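K.L.:
One structure coming up, written as structure tokens, with questions to follow.
The values are calculated or read from the model by the stated rules, or taken from the named source; none is laboratory data. Just so we're clear, the structure is a prediction, and the values are computed from it rather than from any experiment. A quick note on method: Cβ atoms are made from the backbone with ideal geometry, for glycine too, and the neighbour counts reach across all protein chains shown. Note: areas computed on protein heavy atoms with side chains; ligands, DNA, RNA excluded. Shrake-Rupley method; radii C 1.70, N 1.55, O 1.52, S 1.80 Å.
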Amino acid sequence: MYVCLCNAITDRQIKETVAAGASSLTDLQAQLGVATCCGCCADLASSYLSCHHDNLTSCTKADNK
């Protein structure tokens, strides 16, 4: 699904970039160009960062049990 229509960036591209180490919206902007035009996609792009962080945190907690 396209997340950033202005720059034709998909959710898959964002997820791959986050998985490869992007940890902030600034990282996503620099690497993909997401949220650099109209900014309407900034919240959704940021949510992928939060979701990835939450998944890592829950995995780490599960590993420590």
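K.L.:
Pairs needed: first member in region 3-22, within 18 Å of N55 (Cα to Cα); second member anywhere, of a type in the set (G, A, S) and open to solvent by 20 Å² or more (accessible area, probe 1.4 Å); C-beta distance under 9 Å; at least 6 residues apart or different chains.
P.N.:
A22/A30
K.L.:
Additional query: May I ask you to verify whether A35 is surrounded by 12 or more Cβ atoms within 10 Å (Cβ to Cβ), at pLDDT 95 or above and in a loop (DSSP other than H, G, I, E, B)?
P.N.:
It is true that A35 is surrounded by 12 or more Cβ atoms within 10 Å (Cβ to Cβ), at pLDDT 95 or above and in a loop (DSSP other than H, G, I, E, B).
K.L.:
Against the condition open to solvent by less than 60 Å² (accessible area, probe 1.4 Å), modelled with pLDDT under 95, of a type outside the set (F, W, Y) and in a helix (DSSP H, G or I), how does L56 come out, does it pass?
P.N.:
no
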